[in-house]
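Working notes for the structure below.
The values are calculated or read from the model by the stated rules, or taken from the named source; none is laboratory data. What you see is a predicted model, and the numbers here were worked out from it, not measured in a lab. Quick reminder, even Gly has a Cβ in these numbers, built from the backbone with ideal geometry, and neighbours come from all protein chains shown. Side chains included, ligands, DNA and RNA excluded: accessible areas come from the protein's heavy atoms. Shrake-Rupley method; radii C 1.70, N 1.55, O 1.52, S 1.80 Å.
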Amino acid sequence: MSSSTFSLACNVASHADGWSFRTSSGGGRRFFLHPTEHILVSNRLQHLSLFGKGASWNARKKSPYTHAMASVAGVSVDTSIVKAELLKGDTWSVHKFGGTCVGTAKRIQNVADVILKDSSERKLVVVSAMSKVTDMMYDLIYKAQSRDSSYISALDDVFEKHKQTATELLDGNELTAFLSQLHFDVSNLKIMLRAIYIAGHATESFSDFVVGHGELWSAQLLSALVNKHGLHCNWMDTREVLIVSPTSSNQVDPDFVESEKRLDEWFSRNPSKTIIATGFIASTPQNVPTTLKRDGSDFSAAIMGALLKARQVTIWTDVDGVYSADPRKVSEAVVLQTLSYQEAWEMSYFGANVLHPRTIIPVMKYDIPIVIRNIFNLSASGTVICRAPVNGDCQKLEYLVKGFATIDNLALINVEGTGMAGVPGTASAIFGAVKDVGANVIMISQASSEHSVCFAVPESDVKAVAEALQSRFCQALDAGRLSQVEVIPNCSILAAVGQKMASTPGVSATLFNALAKANINVRAIAQGCTEYNITVVLKREDCIKALRAVHSRFYLSKTTIAMGIIGPGLIGGTLLDQLRDQAAILKEELNIDLRVMGIIGSRKMVLSTQEIDLSKWKEIQEENAEEADLDKFVHHVRGNHFIPNTVLVDCTADSNIADHYYDWLRKGIHVVTPNKKANSGPLDKYLKLRALQRSSYTHYFFEATVGAGLPIISTLRGLLETGDKILRIEGIFSGTLSYIFNSFVKNRAFSEVVAEAKEAGYTEPDPRDDLSGTDVARKVIILARESGLKLELADIPVQSLVPEPLRESASAADFMKHLPEFDDDIERKRQEAEAAGEVLRYVGVVDAVNGEGRVELRNYKKDHPFAQLSGSDNIIAFTTIRYKEQPLIVRGPGAGAQVTAGGIFCDILRLATYLGAPS
């Protein structure tokens, strides 16, 4: 008999419900393993039962890696072991390596390198099974129970995976010993699985025993590799040390007293400054093999850290640390330098890739920090989870909210009725019914009136829960004491977590303000009295959008806005160029990320799933354009759930585009525009549009509709919002007409000046559009309405500068050809004004006192501010109660693509500020 099979030398006792046996070493401890039902106790199957838990442990425990000897087939050998005392304290560090860390031979070598370079005086290393192996082992049991004979070839695949890995890493005696043990284990597993195949059933103990081999092989393999590199270590089967009691909730409770006792005993037989231990597996107080359930390896490391009172527990994984949000959903998520135990606890409960809450419990007692690090990026310092500092010596809390986590696939159940109020035991009855069907309640919210109780459960449980409640409260529903048991499906939970949130006013307000500005409705709210967590229930489709909105609002990432540019003509094209030139500065200095997701003209459009490269947007428009479709364009720009905010920038003068504003705003899309058609169109549409905008968190900015880049609308609003009263607004609102009348001086014909303005690009292609005064009238009506006057455009009398005989000219060219014929009329007015020491100016007037407006050609003294203009400047005078004697003047360039695009750009940045960017 080889040394690898000596474990069969032990004392056996058969029982009706299983076999117990005592090992010939290990203090004669008794181990017990339930057999599969209906197994015939033949010599072969009795041999199988003997290869139960204790036997396999001894085979491994006395393996060549520990250099120990045992009694084999009646041959006496030296079994003396030097007793050693386990010294506990901060000389120990604990490392845990997950399945991905030991997934291949190369990765196992990387793990060994980390262990060899660790300067700790003593270290215990917990390892998981190789990546995918645990699933493969469970699959073996499933196939055997299903009487699928392919379990044999599947087990051979497991054998080959470990054999190949060992061959790449080991050689000599280490390789021979490992392969011998591996072959022995697999041979016995085949016998066990055959028994399961015959019975068609496996007990939980059998399953746990089979599955645990993945950890056993990882630990043996890594131990042999570390020994090969000259660092003496022992490997530990933690089923000999960790004792846990299963609970009814598919979890286990560690027995720290018994586990500490067994750890001391184990160490006395296996003294070493480096220990490689199995994760995930343990034993019950009856020595039945079991597992630590979900995230068991992390839990193993935390328990071992607590038993050793270690200096630190490092969890090695494949990410750089704990992120402020799921980086798959929020690309700007950052790795958090520190977290308190409570913060990590809260975030992990809500699905963040941190640790299971129970992993934190063992280390909290001894204030042992847990460090999350990336085995594939050793330069990353990771995240430290520790007790919150009193004086800042452990961590520096940088944000009120440390991070955000989400849970999807939930349903909200609302139990409502007037008969609930003040009735003791109602909540108990509700959640008793939930417990009876085995459902987990994720969140609870109850109105103080006790009129309704709502709670969230996994969608997979909602049908059973609803039926249980309907049955439990059948009489109350029939009698009307309860009005309904309502199920709201397709929900998600968003949780904001941060220990510094406690006792800090305004955190909830900021959170809900961010959600409101992203046009997201909150269905339910919960917050504990610790104030470490604020939980909200949302529509599932809004979850990612909400996550990005709140993450951005708390300055953990940039304020990102998806933009759609409508009308890439002169103004729109200039705006795109300005965005291109300023993008980097906005990101770096103002934390604003403006992403143009689409550009649409009258005939074609370009769309991007990321963002359009503005350095070559014209080329992209030529090469990748598709037929223009406004509905498709809007759906695309708004449809990116990774960007919480959307703005459409209408750079056209198209009334059909303006007709869409109301629908866009209603859908939560912000609008920025220089297009005057919406605000100067029918009064009822304007009032409806502004009422919607004022009653929602959707923004509508139109500063450039009146004075290009001049702050006219914002000035007017500032006056009104601070309690001032408008008496009169008078101004030169047209840059084109300002240029014409500033240039219309002695010895120059009016038609000559108009032609010059047209040539310089100040006028529209048809100058009659400017000379008719309609554009000025639209600006007057906008200011009148913003001042509170309810006027239609038709109510504004307009003095047209287009001679009546030329108003029906066939073309602009024909108009320009015949315009000199009418120079005398306007020249006569100029001369009359000059004779009186005055100048001609084309102005718009809002007379708020009399509730009227007008557009006309007027004379002004040469010392009047309106007479001092040059070029295409605009000027507006606000006469108010406060500025009655000396009007408030706003003056500056009022025409040109650069200043108009600049005005639009300012509105976009104002929107970003309202959405959370620094002001």
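May I ask you to verify whether VAL457 is in a helix (DSSP H, G or I), hydrophobic (A, V, I, L, M, F, W, C) and either free of Cβ contacts under 8 Å to residues at least 60 places away in the same chain or open to solvent by 50 Å² or more (accessible area, probe 1.4 Å) (or both)? Answer is no for this residue.
Does the stretch 835-844 contain at least one residue that is aromatic (Phe, Trp, Tyr) and either outside any loop (DSSP other than H, G, I, E, B) or touching a His at 6+ places or on another chain (Cβ under 6 Å) (or both)? Yes, the stretch 835-844 contains at least one residue that is aromatic (Phe, Trp, Tyr) and either outside any loop (DSSP other than H, G, I, E, B) or touching a His at 6+ places or on another chain (Cβ under 6 Å) (or both). Taking the stretch 194-252 as the search range and keeping residues that are in contact with a helix residue (DSSP H, G or I) (Cβ under 9 Å, 6 or more places away or on another chain) and among the hydroxyl-bearing types (Ser, Thr, Tyr), which one is farthest from THR100 (Cα to Cα)? Step by step, filter the stretch 194-252, then rank; the result is TYR197. For the stretch 802-860, residues that are closer than 30 Å to LYS790 by Cβ and in contact with a Leu (Cβ under 7 Å, 6 or more places away or on another chain) total 8.
Scanning the stretch 473-486 for residues that are closer than 28 Å to ILE407 by Cα and crowded, with 17+ Cβ neighbours inside 10 Å yields a single hit, VAL485. Taken as a whole, the stretch 721-731 holds no residue that is modelled with pLDDT under 95 and of a type in the set (A, V, I, L, M).
Do we find a residue being under 30 Å from ILE592 (Cα atoms), of a type outside the set (A, V, I, L, M, F, W, C) and part of a strand (DSSP E or B) anywhere in the stretch 274-286?
Scanning the stretch 274-286, I find no residue that is under 30 Å from ILE592 (Cα atoms), of a type outside the set (A, V, I, L, M, F, W, C) and part of a strand (DSSP E or B), so the answer is no.
The listed residues are ARG910, ARG858, ARG891, and the only one of them that is farther than 25 Å from CYS651 by Cα and among the charged types (D, E, K, R) turns out to be ARG858. Checked against the criterion of being at pLDDT below 90 and of a type in the set (A, V, I, L, M), the stretch 457-474 contains not a single residue that satisfies it. Would you confirm whether any residue within the stretch 703-724 is touching a strand residue (DSSP E or B) at 6+ places or on another chain (Cβ under 8 Å), of a type in the set (Lys, Arg) and either free of Cβ contacts under 8 Å to residues at least 12 places away in the same chain or surrounded by fewer than 24 Cβ atoms within 10 Å (Cβ to Cβ) (or both)? Among the residues of the stretch 703-724, not one is touching a strand residue (DSSP E or B) at 6+ places or on another chain (Cβ under 8 Å), of a type in the set (Lys, Arg) and either free of Cβ contacts under 8 Å to residues at least 12 places away in the same chain or surrounded by fewer than 24 Cβ atoms within 10 Å (Cβ to Cβ) (or both), which makes the answer no. State yes or no: is ARG638 in contact with a helix residue (DSSP H, G or I) (Cβ under 8 Å, 6 or more places away or on another chain) and basic (Lys, Arg)? The answer is no for ARG638.
Comparison of SER492, SER552 shows that the only residue that is under 30 Å from LEU607 (Cα atoms), assigned to a strand (DSSP E or B), touching a residue at least 24 places away in the same chain (Cβ under 8 Å) and hydroxyl-bearing (Ser, Thr, Tyr) is SER492.
Going through (1) of a type outside the set (Gly, Ala, Ser); (2) assigned to a loop (DSSP other than H, G, I, E, B); (3) over 24 Å from TYR700 (Cα atoms); (4) open to solvent by less than 70 Å² (accessible area, probe 1.4 Å) one by one, VAL522 falls short only on (3).
For the stretch 210-231, the criterion of being free of Cβ contacts under 8 Å to residues at least 60 places away in the same chain and open to solvent by 10 Å² or more (accessible area, probe 1.4 Å) is satisfied by at least one residue.
Of GLU759, GLU730, all but one fail to be more than 15 Å from LEU801 (Cα to Cα) and without any contact (Cβ under 8 Å) to a residue 24 or more places away in the chain; the exception is GLU759. In the stretch 152-166, the count of residues that are of a type in the set (Gly, Ala, Ser), open to solvent by 50 Å² or more (accessible area, probe 1.4 Å) and either at pLDDT below 95 or part of a helix (DSSP H, G or I) (or both) is one or more.
One residue stands out in the stretch 307-340 among those that are over 20 Å from the mean Cα position of the chain (by Cα) and small (Gly, Ala, Ser): the one that is surrounded by the most Cβ atoms within 10 Å (Cβ to Cβ), namely ALA310.
Every residue, every condition in (1) in contact with an Asp or Glu (Cβ under 8 Å, 6 or more places away or on another chain); (2) more than 28 Å from ILE881 (Cβ to Cβ); (3) in a helix (DSSP H, G or I), yes or no:
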position	(1), (2), (3)
TYR662	no, yes, yes
LEU665	no, yes, yes
VAL671	yes, yes, no
ALA691	no, no, yes
VAL706	no, no, yes
ILE713	yes, no, yes
LEU716	yes, no, yes
LEU719	no, no, yes
ASP724	no, no, no
